[in-house]
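See below for the structure under consideration.
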Amino acid sequence: MREPPERRDRRRGLGPAGWFGAAVALAVLATAALSLVWTPHDPSVMAVAEKLRGPSATHPLGTDHFGRDTLSQLMAGARVSIAVSLIAVGLGAGLGVPLGLLAAARRGWVDEAVMRFNDLAFAFPVLLTAVLITALLGPGAVNAILAIALFNIPVFARVTRGAALGIWTRPFIQAARLAGRGRVRISLDHVLPNIGGTLIVQGTIQVALAILAEAGLSYLGLGSQPPDISWGRMLNESQTFLFLAPRLALLPGLAIVVTVLGLNLLGDALRDRLDPRLGRPREDA
Amino acid sequence: MALLDITDLRVEIAGPGAARLALVDGLSLTLERGQSLGLVGESGCGKSMTALAAMGLLPPGLRARGRLTLDGEDLVTASEPRLCGLRGRRLAMIFQEPMTALNPVRTIGSQVAEGPRRHLGLTRRQARAHARAVLDRVGLDPGRFPPGLYPHQLSGGQRQRVVIAIAVACGPELLIADEPTTALDVATQALILDLINDLVAERTMALLMISHDLGVIAETAPRLAVMYAGRVVESGPTARVLAAPRHPYTRGLMGAIPRGRGAPGAPLAAIPGVVPAPDRRPSGCAFADRCPRADAACATTPALRPDTSDQAVACHHPHERPDPTGSVAP
Amino acid sequence: MAWFLARRAMALAITLLAASLVVFCVLEVLPGDPALLILGTGAREDTLAALRASMGLDRPAWERYLDWVGGLMTGHLANSLTYDVPVLALLAPRLAVSGPLALMALTLAVALAVPLGVLAAARRGRATDTAVMGLSQLGVAVPNFWLGLLLVLVFAVGLRWLPAGGFPGWEAGAGPALAALALPTVALALPQAAILARVTRSAVLEVLGEDYMRTARAKGLSHAEALWRHGLRNALIPVVTIMGLQFSFLLAGTIIIETVFTLPGVGRLIVQAIGQRDLVVVRDLVVLLAATVGVVNFLVDLSYAVLDPRLRQGGAGGRDA
């Protein structure tokens with residue numbers, strides 16, 4: 001059976017799910033930015049007399065076991081989660097994309113070496129890398145960034161290489177080669193712009209994964225350390241009071257789920273729009 | 001009663017509203033038991049859709065309307081379980097692409113045995129023996145081509161023989177062959193056409209041969225129907241139509257047959273333009289904007305009108321029939 | 001095929017060797033003296049030196065590396081710094097927790113994901129499809145440890161059906177042990193199942209468009225029969241690939257899930273060893289986990305050969321008639 005001959009509709013917009021994702025991503029970014037200048041309370045000021053309060057007018061989402069305002073903590077936590085994820089993915093892409101471009105441009109032993117390095121890096125799941133790094137340097141947000149970035153390098157290298165190999169077979173690249181342009185110039189001028197869509201899509205998804213990883217590390221106590229606040233740390237601290245105040249475990253988790261869900265939906269919608277691999281023509285009967 | 005009787009068949013893209021596109025647009029043809037009919041036309045004219053409609057295997061999103069009966073039983077309205085009982089048993093199909101029509105992870109023997117086991121009530125063992133015999137009959141001697149082979153171990157022609165074996169395994173009354181040789185090299189094409197002809201003759205199957213190639217049709221079907229933009233524009237005995245095509249489109253198609261040994265790559269005396277997509281068809285005669293003889297009259301759709309000599313044409317300005325006493329050379 | 005497997009086995013060996021080298025080097029440059037760690041800062045210099053010598057720390061690094069790798073291969077692991085028992089002795093009872101946990105989670109994930117993915121593909125665009133894909137989109141976004149906390153809230157705190165954490169040990173009987181592993185298994189499996197369901201769905205959709213599916217239907221097989229007999233095996237090839245890739249996430253997941261449920265497993269051992277700076281344990285476990293991932297991916301390559309006959313024989317291409 002072939003695909004129905006109806007044309008795959010090239011949507012102009014992102015579709016409802018994509019817009020929802022974009023809105024969530026923007027809202028989280030805005031909240032993180034806002035927390036730099038304003039939160040309802042100082043997220044790290046303790047008021048033991050006010051501890052474990054339920055939601056009220058002064059504390060819309062209640063307080064934790066030290067009497068800190070939960071809403072303020074969530075806002076500050078967004079900042080750490082987003083910053084760690086963006087920097088880590090940025091670093092990973094910054095190293096992985098050039099590696100992938102190089103592998104696709106030079107082929108041969110360079111390609112082989114990059115791919116073997118990839119295999120090696122894939123043998124260490126992100127948490128394992130983080131475990132090693134924290135064993136080496138001690139826990140902390142910077143080391144969490146390092147661990148997540150390290151995990152992202154092979155991902156970007158692989159995606160870039162795959163997409164770039166496709167571009168290298170195109171006629172205009174052959175033309176540029178005949179015109180005597182070097183492989184590096186061609187990679188930067190012709191290949192990179194053509195795989196930008198694919199990389200943006202992958203980047204969105206990797207940020208979502210990074211948020212999950214950061215939360216996991218912080219939950220284990222390997223990520224950001226007090227007095228820094230992150231969603232993962234909030235979950236870590238909430239566990240002791242799971243029976244008393246399940247709200248404290250629910251809220252940061254919901255924040256993670258909504259953010260990751262939004263980013264994934266945005267990534268999927270962007271893929272539909274940007275990824276050239278989906279736009280292949282269909283044969284009709 | 002004709003074995004296959006198609007009346008005013010439409011294959012439409014399913015959807016609400018009156019603006020439904022029809023890939024097959026009012027097609028009628030009949031095929032008697034044990035006879036062969038060629039269905040010819042350029043790609044995109046609806047030949048394959050007609051075949052798939054007859055099999056009840058239209059791609060999702062398409063649906064058939066009109067009458068389409070096999071031995072009096074309407075296939076358009078038949079239930080899916082009923083169709084499953086007919087497919088492979090009473091009507092079967094050979095596909096165009098032998099490289100992809102076979103499941104790469106199952107042996108050829110098991111793929112041939114599946115139909116007989118289901119339709120003929122054979123045991124596993126009997127079905128396996130049956131598959132061996134059928135494979136042998138289509139030219140895959142079990143000595144050299146054991147049924148335990150996988151498709152990737154065979155050449156294109158050999159794979160097409162397997163596809164044919166699957167189709168004829170249960171002795172269907174109607175065999176539909178959709179461009180069975182298009183994907184093969186010239187030498188293999190002739191062998192496969194011979195095989196199909198032999199099988200049709202020895203098992204008195206009816207054959208609906210679908211091709212864009214008039215040569216293939218001439219070799220396998222004593223009668224033909226020429227399709228254009230979802231309809232039959234000319235039909236009749238193959239020899240007569242080829243000797244004296246009356247529809248301008250049929251003439252154009254014949255001009256498209258490479259004759260003799262022209263230089264490779266030399267342009268064919270083809271018809272200017274392409275088959276209009278279903279959403280771009282002109283109202284009236286769909287061929288009008290490619291036709292040298294078109295005039296104002298062609299703004300209305302011509303009906304398929306039989307003449308006295310068993311040939312029918314749907315054209316307002318058909319070419320004249322040559323002197324009926326004249327010879328009808330192939 | 002033999003050639004293919006030999007190549008893969010070689011690649012696996014090289015990857016593992018490289019991994020062990022990386023781990024060793026990383027820990028070698030680590031500041032911190034194991035002897036100082038054991039004896040405390042008040043220890044006398046000659047006592048420290050004696051301990052270093054007895055631990056072999058005064059020997060050159062390459063010698064210690066070879067010793068270590070040789071020990072890994074022969075199963076002679078060094079003693080833990082904190083517990084002073086061989087790592088293997090430390091490991092065995094914990095593997096008896098983590099192994100079943102990972103296997104049960106993987107089984108549950110596949111058992112949920114494959115049927116749901118096939119169902120969604122078969123009902124493409126209909127309500128079932130939307131529901132399955134919506135759930136899976138949600139499942140991918142849920143952190144497994146938070147799911148663990150939710151499960152504890154509902155099934156341990158709320159309904160009191162299952163324990164909130166801890167492990168009674170297998171000697172307490174299969175019932176209590178399995179009950180202790182039930183919630184961790186679900187927490188680990190659901191996010192994995194969400195990913196696998198998506199992969200299964202798209203693999204099946206791809207297969208549904210294949211010509212051989214139409215051939216199968218033309219034989220008289222119903223839609224479901226054609227999917228079951230001809231589609232599934234072809235669709236499983238990409239699914240198994242992703243399963244292999246996901247396995248490393250599953251292992252990493254056990255590290256965190258064991259912490260949530262305070263299970264005495266390998267993952268928790270690593271976290272504790274880091275806390276105690278027990279580098280002998282850390283390096284052995286990290287290499288062990290990397291090796292497990294490598295072996296699983298090797299098994300995935302093997303399973304291709306089972307699923308796809310084209311990989312079983314060497315040369316493709318047809319014989320001539």
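Looking at (1) within 14 Å of chain B (Cβ to nearest Cβ); (2) under 30 Å from C:P93 (Cα atoms); (3) modelled with pLDDT of 90 or more, which is the only condition C:V240 fails?
(3)
Please state which of the following conditions B:K47 fails to meet, knowing it meets all the rest: (1) over 25 Å from B:P276 (Cα atoms); (2) buried (at least 22 other Cβ atoms within 10 Å of the Cβ); (3) among the basic types (K, R).
B:K47 satisfies all of (1) over 25 Å from B:P276 (Cα atoms); (2) buried (at least 22 other Cβ atoms within 10 Å of the Cβ); (3) among the basic types (K, R) except (1).
Name every residue in the range B:65-110 that is open to solvent by less than 30 Å² (accessible area, probe 1.4 Å), under 19 Å from the mean Cα position of the chain (by Cα) and either within 14 Å of chain A (Cβ to nearest Cβ) or in contact (Cβ under 8 Å) with a residue 60 or more places away in the chain (or both), in order of residue number.
So in the range B:65-110, the residues open to solvent by less than 30 Å² (accessible area, probe 1.4 Å) come out as B:68-70, B:75, B:78, B:83-84, B:86-88, B:91-95, B:98, B:101-105, B:108-109.
Filter again for under 19 Å from the mean Cα position of the chain (by Cα), leaving B:68-70, B:75, B:86-88, B:91-95, B:98, B:101.
Correct list: B:L68, B:T69, B:L70, B:R87, B:G88, B:L91, B:A92, B:M93, B:I94, B:F95, B:P98, B:A101.
Could you please find all residues in the range B:279-312 being under 30 Å from B:A14 (Cα atoms), among the hydrophobic types (A, V, I, L, M, F, W, C) and within 26 Å of the chain's Cα centre (by Cα)? Before you say what the answer is, go through the steps one by one.
Initially, the range B:279-312 is screened for residues under 30 Å from B:A14 (Cα atoms), giving B:279-290, B:298-304.
Next, from what is left, pick out any that are among the hydrophobic types (A, V, I, L, M, F, W, C): B:285-288, B:298-299, B:303-304.
Selection gives B:C285, B:A286, B:F287, B:A288, B:A303, B:L304.
Would you confirm, using the coordinates I've provided, whether C:L245 is in a helix (DSSP H, G or I) and out of contact with any Pro (no Cβ under 7 Å at 6 or more places or on another chain)?
So C:L245 fits the description; yes.
Mind listing whichever residues of the range C:188-230 are closer than 15 Å to B:R87 by Cα and among the charged types (D, E, K, R)?
Correct list: C:R214, C:R217, C:K219, C:E225.
Inside the range B:180-218, can you point out the residues that are outside any loop (DSSP other than H, G, I, E, B), out of contact with any Gly (no Cβ under 9 Å at 6 or more places or on another chain) and of a type outside the set (A, V, I, L, M)?
Selection gives B:D194, B:N197, B:D198, B:E202, B:G215.
Could you tell me whether the range A:106-115 includes any residue that is within 14 Å of chain C (Cβ to nearest Cβ) and on the phi > 0 side of the Ramachandran plot?
There is no residue in the range A:106-115 that is within 14 Å of chain C (Cβ to nearest Cβ) and on the phi > 0 side of the Ramachandran plot.
Note down all Cβ pairs under 6 Å where the first residue falls in the range B:145-169 and is aromatic (F, W, Y), the second is in a helix (DSSP H, G or I), and they're at least six residues apart or on different chains.
These pairs meet every condition: B:Y150/C:P309.
Name the residues in the range B:173-188 that are closer than 28 Å to B:L86 by Cα and of a type in the set (D, E, K, R), would you? Full working, then the answer.
Keep residues of the range B:173-188 that are closer than 28 Å to B:L86 by Cα, which gives B:173-183.
Result: B:E173, B:D178, B:E179.
Within the range C:214-231, which residues are free of Cβ contacts under 8 Å to residues at least 60 places away in the same chain and more than 8 Å from chain B (Cβ to nearest Cβ)? Please lay out each step first, then the result.
First, the residues of the range C:214-231 that are free of Cβ contacts under 8 Å to residues at least 60 places away in the same chain: C:214-222, C:225-226, C:228-231.
The answer is C:E225, C:A226, C:W228, C:G231.
Residue by residue, here is whether (1) of a type outside the set (S, T, N, Q); (2) surrounded by fewer than 23 Cβ atoms within 10 Å (Cβ to Cβ); (3) more than 14 Å from chain B (Cβ to nearest Cβ) holds:
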site	(1), (2), (3)
C:P176	yes, yes, yes
C:L183	yes, no, yes
C:V186	yes, yes, yes
C:Q192	no, no, yes
C:A197	yes, no, yes
C:E210	yes, yes, no
C:F249	yes, yes, yes
C:G253	yes, no, yes
C:A273	yes, no, yes
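Would you check if there is a residue in the range B:240-259 being buried (at least 21 other Cβ atoms within 10 Å of the Cβ), part of a strand (DSSP E or B), under 22 Å from the mean Cα position of the chain (by Cα) and at pLDDT 85 or above?
The answer is no, given that none of the residues of the range B:240-259 is buried (at least 21 other Cβ atoms within 10 Å of the Cβ), part of a strand (DSSP E or B), under 22 Å from the mean Cα position of the chain (by Cα) and at pLDDT 85 or above.
Among the numbered criteria (1) open to solvent by 30 Å² or more (accessible area, probe 1.4 Å); (2) under 28 Å from the mean Cα position of the chain (by Cα), which one does A:A179 miss?
(2)
Step by step: first the residues of the range C:76-94, then only those that are more than 21 Å from the chain's Cα centre (by Cα) and of a type in the set (G, A, S), then the one that is surrounded by the fewest Cβ atoms within 10 Å (Cβ to Cβ). Which residue is that?
C:A89
May I ask you to verify whether C:A172 is open to solvent by 10 Å² or more (accessible area, probe 1.4 Å), in contact (Cβ under 8 Å) with a residue 60 or more places away in the chain and more than 27 Å from A:A17 (Cα to Cα)?
Numbers: open to solvent by 10 Å² or more (accessible area, probe 1.4 Å): yes; in contact (Cβ under 8 Å) with a residue 60 or more places away in the chain: no; more than 27 Å from A:A17 (Cα to Cα): yes.
In short, no.
For C:L263, all conditions in the list (1) at pLDDT 85 or above; (2) over 27 Å from B:Q96 (Cβ atoms); (3) crowded, with 23+ Cβ neighbours inside 10 Å hold save one; what is the number of the exception?
So C:L263 meets the others, but not (3).
Quick check on my filter: what residues within the range C:143-169 are β-branched (V, I, T) and either free of Cβ contacts under 8 Å to residues at least 12 places away in the same chain or touching an Asp or Glu at 6+ places or on another chain (Cβ under 8 Å) (or both)?
Applying the first criterion (β-branched (V, I, T)) to the range C:143-169 yields C:152, C:154, C:157.
Within the range C:143-169, C:V154, C:V157 qualify.
State all residues of the range B:131-173 that are closer than 27 Å to B:L224 by Cβ, away from chain C (no Cβ under 12 Å) and crowded, with 21+ Cβ neighbours inside 10 Å; if no residue qualifies, say none.
None; the set is empty.
The values are calculated or read from the model by the stated rules, or taken from the named source; none is laboratory data. Model, not experiment: these values are computed from the prediction. Heads up, the Cβs are rebuilt from the backbone with ideal geometry, glycines too, and the neighbour counts pull from every protein chain shown. Quick note on the areas: whole protein, heavy atoms, side chains included, nothing else; ligands and nucleic acids left out. Shrake-Rupley method; radii C 1.70, N 1.55, O 1.52, S 1.80 Å.
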